[in-house]
1. Being more than 33 Å from the chain's Cα centre (by Cα), free of Cβ contacts under 8 Å to residues at least 24 places away in the same chain and within 30 Å of N30 (Cβ to Cβ) narrows it down to one residue among V127, V193; which is it?
2. Every residue in segment 122-157 that is acidic (D, E) and modelled with pLDDT under 95, please.
3. For segment 1-36, give me the residue count where each residue is of a type in the set (G, A, S) and touching a Cys at 6+ places or on another chain (Cβ under 6 Å).
4. Can you name the helices (runs of 4 or more DSSP H) wholly within segment 79-132 that have at least 3 residues being surrounded by fewer than 16 Cβ atoms within 10 Å (Cβ to Cβ)?
5. Scan segment 57-77 and report the pairs whose first residue is over 22 Å from S109 (Cα atoms) and whose second residue is hydroxyl-bearing (S, T, Y) and assigned to a helix (DSSP H, G or I), with Cβ atoms within less than 8 Å and a gap of 6+ or a chain change.
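The values are calculated or read from the model by the stated rules, or taken from the named source; none is laboratory data. What you see is a predicted model; the values in this text were computed from it and never measured. Heads up, the Cβs are rebuilt from the backbone with ideal geometry, glycines too, and the neighbour counts pull from every protein chain shown.
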Amino acid sequence: MAQTPNRQDSIRRVHRAAVRHVRLTKRTGNQDAIAIAERIVPFAANLKERIGSVEGAREALGDGFDDWDQEDRAQDRTIGSIGRKAVDWDATHPGAPTLPLLFADQSPSDVTRTPRERQPDVAAQIVVRGATLPSDHPSKALLPTLSEQIDASRARHTAFRDAEKKYAEAVALAEVAKIDVIRQFRDNVIDMVRKVGPEISERCFPTLRATGGAPDLPDETPEELAS
């Protein structure tokens, strides 16, 4: 009995099984068998398109995270600079404890270690408290930059969450397309045996799981395996 893909198989493995099924059937030269095999072609084409959508959404998700992470890192650097300038100012201005004014009961490193999704809210308090600093305080000059970075970090966070949603949607649609291919593949197995008999039918379906020395082909491309 021919092996069939199942729901636990990856979307790539199921697509590859369908492509191999059509290719192997064409090698038999049996037109009845070929007609049955080709019923899976539109389902496989749809799955291939969905796989492309998943890959595109995954790349966009990675880009979105990198953008958000870089904004967070820029914000960290500015917070660190504000803290160092506050320490220097306090050292030369006795009685002017601007570091605790700006950071309350936290240190600059405490703020920069705050989870990136929460850090803008914590950093925004630095901007609010820093409004009372003397105009010539070097930390105050960095507050507009920090405010811009807070807005940028929030925007990148929103964009990343949107990319997450689109990726999840792409995966869900690909899973639906995968099930369609599996269903047609199984129908082809049944109809092929009925139409052309078990001997020819056996030649029309690939070995999907390693048995008797047959290779279990990888799901990923060589480039993906190397990454």
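1. V193
2. D136
3. Of the residues in segment 1-36, the ones of a type in the set (G, A, S) are 2, 10, 17-18, 29, 33, 35.
Within this subset, residues satisfying the condition of being touching a Cys at 6+ places or on another chain (Cβ under 6 Å) are 33.
Number of matching residues: 1.
4. 119-130
5. A57/Y167; R58/Y167; A60/Y167; L61/Y167
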